[in-house]
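The values are calculated or read from the model by the stated rules, or taken from the named source; none is laboratory data. Predicted model only: the values in this text are computed from it and were never measured. No Cβ is skipped: glycine too gets one built from the backbone with ideal geometry, and neighbour counts run over all protein chains shown.
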Amino acid sequence: MKKEFDSILLEDWLENPFLFGAEYHGEFVWVIEISHETLNYRLRISNIYIEENYRREGIDTKLMKHAINFAMEKNIRALVL
């Protein structure tokens with residue numbers, strides 16, 4: 001069974017987008033897409049994806065902690081999903 005990621009990453013409407021991801025043995029494993037909205041000083045999580053074979057390993061929690069730490073380092077006031 002072939003799976004595809006239908007969402008477009010780094011869309012034009014995102015302000016200051018960042019991608020963090022990993023590839024393992026040539027296989028796309030996970031990605032989190034965040035953007036720093038400067039007008040309202042929020043960090044938006046616009047996409048999060050974890051390949052099915054790597055779920056239930058705590059990767060989602062680590063990705064969210066990474067986003068929270070990123071926001072705290074930048075003194076961002078809110079995190080938006």
* To do: Kindly indicate whether any position in the range 62-80 is out of contact with any strand residue (DSSP E or B) (no Cβ under 8 Å at 6 or more places or on another chain), at pLDDT 85 or above, surrounded by fewer than 16 Cβ atoms within 10 Å (Cβ to Cβ) and of a type in the set (Asp, Glu).
  => yes
* **All positions within the range 40-63 that are part of a loop (DSSP other than H, G, I, E, B) and either charged (D, E, K, R) or touching a residue at least 24 places away in the same chain (Cβ under 8 Å) (or both)** => Asn40, Tyr41, Glu51, Arg55, Arg56, Glu57
* Hey, could you check the range 24-39 for residues that are aromatic (Phe, Trp, Tyr) and either in contact with an Asp or Glu (Cβ under 7 Å, 6 or more places away or on another chain) or not in a strand (DSSP E or B) (or both) and say which is farthest from Leu79 (Cα to Cα)? => Phe28
* Structure fact -> Subset of the range 27-36, residues without any contact (Cβ under 8 Å) to a residue 40 or more places away in the chain and either surrounded by 12 or more Cβ atoms within 10 Å (Cβ to Cβ) or in contact with a Ser or Thr (Cβ under 8 Å, 6 or more places away or on another chain) (or both), comes to Phe28, Val29, Trp30, Val31, Ile32, Glu33, Ile34, Ser35
